[in-house]
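A.B. asks: Submitted below is the structure of interest, expressed as structure tokens.
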Amino acid sequence: MDLAALADQLRRVTVAITSDGRGAGAGVVWAPELIVTNAHVLRGPRVWVRGADGRRVDGRVVAGDRAADLALVRAPGLDLPAATCTGDESLAVGSLLVALGHPLGVLGAVTRGIVHAVGALRPGGRAWIQADLKLAPGNSGGPLADAHGRVVGVNAMIVDGLALAIPVREVRQFAQSAGVAGP
């Protein structure tokens with residue numbers, strides 16, 4: 001696997017998001033002009049989206065769910081390719097993962113690790129992809145991808161030293177409930 005090529009592939013489908021100067025993070029191109037990110041990245045009504053090519057457009061939140069920590073942002077004119085996604089059923093403990101985002105303002109940074117676990121942290125809890133990779137503020141909303149560059153989750157947070165990502169199947173359900181098809 002060529003990690004540099006994989007990172008370059010993911011940079012094309014990852015955007016930087018700022019919100020009223022208070023929120024900052026990443027997003028994944030879900031469909032033409034539509035970005036999926038974490039709801040906690042969006043801290044105000046004004047949103048700007050910057051593509052890997054440096055173009056910046058005004059975004060508009062079209063759907064959000066604080067409990068699911070997901071949001072959809074329309075970014076007209078950005079014209080970026082949608083991410084290729086796959087479900088977490090292809091993941092096994094020890095599978096290689098790559099996360100891309102903008103930690104602490106460093107655009108397009110990549111980190112790698114392995115799957116620690118897939119599923120709920122406690123019985124009856126929400127499903128997560130848990131990985132031993134390093135995330136920092138600015139990685140939220142960015143892609144968690146397998147070794148083939150297919151997005152398997154949206155990075156959300158760090159808990160007890162483990163990265164937690166929302167599985168793509170939950171992102172698909174959220175997007176569909178908002179009337180948006182995606183990868």
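A.B. asks: What per residue convex hull volume, in Å³, comes out for the chain when only alpha-carbon positions are used?
C.D. replies: Dividing the Cα hull volume of the chain by its residues yields 102 Å³.
A.B. asks: Under a crude label model (7 Å from the Cα following the beta-carbon direction), how far is residue 169 from residue 67 in nanometres?
C.D. replies: Calculated label separation equals 2.0 nm.
A.B. asks: Moving to a separate point now. Which residue fluctuates most in the GNM of the chain (Cα springs below 10 Å): 115, 13, 36?
C.D. replies: It is 115.
A.B. asks: Using Cα springs under 10 Å in a Gaussian network model of the chain, which residue among 44, 125, 105 shows the largest mean-square fluctuation?
C.D. replies: Fluctuation is largest for 125.
A.B. asks: Treating the beta-carbon of each Lys and Arg as +1 and of each Asp and Glu as -1, no other charges, what is the dipole magnitude of region 3-82 about its Cα centre, to the nearest 20 debye?
C.D. replies: Here region 3-82 has a charge dipole of around 220 debye.
A.B. asks: So if I take the centroid of the Cα atoms in region 3-45 and the same for region 132-171, what is the distance between those two points in Å?
C.D. replies: Region 3-45 and region 132-171 have Cα centres spaced 12 Å from each other.
A.B. asks: Obtain the nm distance between the two label points defined at residue 40 and residue 157 by a simple spin-label model: each point lies 7 Å from its Cα along the Cα-to-C-beta direction.
C.D. replies: It is 0.4 nm.
A.B. asks: Could you give the size of the charge dipole of the chain about its Cα centre, using +1 on the Cβ of each K and R and -1 on the Cβ of each D and E, expressed in debye and rounded to the nearest 20?
C.D. replies: 420 debye
A.B. asks: Could you tell me the calculated FRET efficiency between residue 79 and residue 148, based on Cβ-Cβ distance and R0 = 22 angstrom, to the nearest 0.05?
C.D. replies: 0.35
A.B. asks: For region 66-167, run through the trypsin sites (Lys or Arg not before Pro) and keep only the ones in DSSP coil with at most 15 other Cβ atoms within 10 Å of their Cβ.
C.D. replies: 66, 126, 134
A.B. asks: Same structure, new question: Would you work out which of 115, 104, 162 lies farthest towards the positive end of the dipole of the chain, given +1 charges on the beta-carbon of Lys and Arg and -1 on that of Asp and Glu, about the Cα centre?
C.D. replies: Projecting each Cα onto the dipole axis, the largest value belongs to 104.
A.B. asks: Which FRET efficiency value, to the nearest 0.05, is calculated for residue 134 and residue 55 with the Förster distance at 45 angstrom and r the Cβ-Cβ distance?
C.D. replies: Computed FRET efficiency for residue 134 and residue 55: 0.95.
A.B. asks: With a 10 Å cut-off between alpha carbons and a GNM built on the chain, which of 89, 33, 170 moves the most?
C.D. replies: 89
All of the numbers you see were taken from the coordinates with simple rules; none came from a lab. Fair warning: this is a prediction, and the values are worked out from it, not measured in the lab. Note that we place each Cβ from the backbone using ideal geometry, even for glycine, and neighbour counts take in every protein chain shown.
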